[in-house]
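The values are calculated or read from the model by the stated rules, or taken from the named source; none is laboratory data. Not measured: the values here are computed from a predicted model. Positions of Cβ are generated from backbone atoms using ideal geometry, with glycine treated the same way; all protein chains shown enter the neighbour counts.
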Amino acid sequence: MLTTTINIYRLKIFIKFMMKFNPNNPIKILRKISFPRLAGTRGEEKARKILIDFIEKYGYHAREEKFNLKVFYMKKSFLEIVSPWHEEIGCSGVGFSGNTSEEGIYGEINYIESGDPMLISGKKKIFLMSIRPKFEIYKKIMKWDPLGIIISESSPIRKPSHLDIMPEWRKYGSAPMVHISFKDAYKLVKRRAERAYLTLIQEERAVRACNIVFEKEGYKYPDETIIVCGHYDSVYDVPGAIDNAGGIGLLIELARIFRKERVKRNIRFILFSGEELGLRGSQAYVKTHEKELEHIKIVVNLDIHGGLIGTNNAVITGSNQIKSYLEVYSKENGLNLNISEDIYSSDGMPFANKNIPIVNFYRTSGANFGVHSIDDNTKYVGREAYRYFGPFIYSFIKMMANSEEFPFPREIPENMKKRVKEYFEKRLGISPP
């Protein structure tokens, strides 16, 4: 009887949270900033002004924290098959992968699948790959001194990705890289394309990007802080609706509600830039605020949200106690939440490297098929993506903010620490902050 009473009480609390949360507000913000906003560009600046207007309208003071980074401007990407037939193939350049001359490069095409050594037929070829190479494969491929690299998309429904490599990779070599559609790659392999012209022109600049920071102060434990974060930049020339205007819309709606709440711990909201260029904004934050990190109890990261039809997920980089709590709490409230313990490639990672636990909330949806391509737009977003998941995340944060003792240990299990380290060194190919 007591258990039933507690469950009914918690359900009433959750329904109360749902009444506070307005699922239309995240959609409104998502739509307002769904335009290209690569870090350090005018698009990022435009989005920042829009977001700060919302933040200050809700009664917060937004602090802009600038950091230096390198950015690229894609000017021309062109691919033409010239043997055994002539055809121009649509493509998108890979940032930081290098340049050709205006005339481009001419070379023999060598299909090497995922970088399989047995398929590499020699040096100075244009490699055609079935997948974008990760850092370890990239290093091996560079030993063959390729003229260029063509990367197939993984699915017939995806348009070419607008991505980049880490500039740090180039100390092992570089080759101009482009993405093409799966259908075009299939045609090239099926018809045994032999030779091609490849042109890639991009300009690189050192610029300044900006994180946005604002805070709800706690009244009882002001030396303990919960960070709620998400990135507001997009990849180049892509609206970035799902990734991650949707997460930013959710974050600001959570901040709106918490503005009127009394909380015992600080809740610091951070909108990071430069995530799509290698977590640059979150890395800069961790480095700049290193002396303050001991006060951070947990990070809640919101990345990939807004798809109308989908499922809700949590990836935990931290104690098993967090997973256990979310399993019970999601069942009590009738929310099917897919929960796993792992690393998640987003802005929580620099904090995880400092032994701060992370909970990444994200949404799986058919709308996600266009992420990192021009199809990451507002076509398949909707309020139902937030109607239940938003209040659930809000109630989870509020529980942590108001617990007399913080409910979860501030630690990362040893096996997770190893994965975090490998993520930076073997996936990103950079030294962790």
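Worth a mention:
- Checked against (1) outside the structural domain of Y285 (by TED's automatic domain parsing); (2) closer than 28 Å to E168 by Cα, I89 passes all but condition (2).
- Against the numbered list (1) at pLDDT 95 or above; (2) surrounded by fewer than 21 Cβ atoms within 10 Å (Cβ to Cβ), R48 comes up short only at (2).
- Residues in segment 266-308 that are touching a His at 6+ places or on another chain (Cβ under 9 Å) and either assigned to a loop (DSSP other than H, G, I, E, B) or not assigned by TED's automatic domain parsing to the domain that holds E404 (or both): S273, G274, L279, D303.
- Residue among N312, N338 that is modelled with pLDDT of 95 or more, buried (at least 20 other Cβ atoms within 10 Å of the Cβ), farther than 29 Å from F67 by Cβ and in the same structural domain as F369 (by TED's automatic domain parsing): N312
- Whichever residue in segment 75-119 is surrounded by 18 or more Cβ atoms within 10 Å (Cβ to Cβ) and free of Cβ contacts under 8 Å to residues at least 60 places away in the same chain and, among such residues, is nearest to the chain's Cα centre (by Cα): G115
- From E327, E294, E253, residue being free of Cβ contacts under 8 Å to residues at least 12 places away in the same chain and either hydroxyl-bearing (S, T, Y) or more than 30 Å from V94 (Cβ to Cβ) (or both): E294
- From I55, I141, I81, residue being more than 30 Å from E261 (Cβ to Cβ) and in a helix (DSSP H, G or I): I141
- Of the residues making up segment 373-390, just one is among the β-branched types (V, I, T) and more than 13 Å from A245 (Cα to Cα), namely I374.
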